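Peer 1: Here it is, the structure, as structure tokens.
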Amino acid sequence: QVQLVESGGGLAQPGGSLRLSCAASGIIFGIYHMGWYRQAPGKERELVALITSGGGTNYADSVKGRFTISRDNAKSTVYLQMNSLKPEDTAVYYCNAARDTLNYWGQGTQVTVSS
């Protein structure tokens, strides 16, 4: 059974930082592309950051220079370091694993940025 479990969400002040983690099980982690998506109320789910099985990265323009995605294949875990947080970063953040026709999602973790 495939499981993706996010952690690290919570409340941060504008300008603050959070680090999200996503631990995967039931997959050969190293051959999957891993991504972080987010969804705010009334909005569509959007890609925040992607890291490929080869280590290449892509970021949404809105987070470029502030967020960093990384992976530790030995721990089957992907991370999202979130710095210089803004209120518009408030959303539920979801971990995604993808390869060919396979696609898996975590349960989501709430991130709230407010003073």
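Peer 1: Within the range 1-39, can you find the residues that are more than 14 Å from Tyr94 (Cβ to Cβ) and among the polar types (S, T, N, Q)?
Peer 2: Within the range 1-39, Gln1, Gln13, Ser17, Ser25 meet the criteria.
Peer 1: Same structure, new question: Please enumerate the residues belonging to the range 47-73 that are buried (at least 17 other Cβ atoms within 10 Å of the Cβ) and not hydroxyl-bearing (Ser, Thr, Tyr).
Peer 2: Val48, Ala49, Leu50, Ile51, Val63, Phe67, Ile69, Arg71
Peer 1: Sticking with this structure for a sec: Step by step: first the residues of the range 74-105, then only those that are farther than 19 Å from Gln1 by Cα and hydroxyl-bearing (Ser, Thr, Tyr), then the one that is least open to solvent (accessible area, probe 1.4 Å). Which residue is that?
Peer 2: Step by step, filter the range 74-105, then rank; the result is Tyr93.
Peer 1: So, Gly8, is that one surrounded by 14 or more Cβ atoms within 10 Å (Cβ to Cβ) and touching a Cys at 6+ places or on another chain (Cβ under 8 Å) or not?
Peer 2: Answer is no for this residue.
Peer 1: Would you mind stating whether Leu11 is under 20 Å from Trp105 (Cβ atoms) and out of contact with any Leu (no Cβ under 6 Å at 6 or more places or on another chain)?
Peer 2: Against the criterion (under 20 Å from Trp105 (Cβ atoms) and out of contact with any Leu (no Cβ under 6 Å at 6 or more places or on another chain)), Leu11 does not qualify.
Peer 1: Now a separate question. Looking at this structure, is Gly108 open to solvent by less than 50 Å² (accessible area, probe 1.4 Å) and farther than 19 Å from Gly15 by Cβ?
Peer 2: In short, yes.
The values are calculated or read from the model by the stated rules, or taken from the named source; none is laboratory data. Quantities reported herein were computed from a predicted structural model and do not represent experimental measurements. Positions of Cβ are generated from backbone atoms using ideal geometry, with glycine treated the same way; all protein chains shown enter the neighbour counts. We work out accessible area using only protein heavy atoms, side chains counted, and drop any ligands, DNA or RNA first. Shrake-Rupley method; radii C 1.70, N 1.55, O 1.52, S 1.80 Å.
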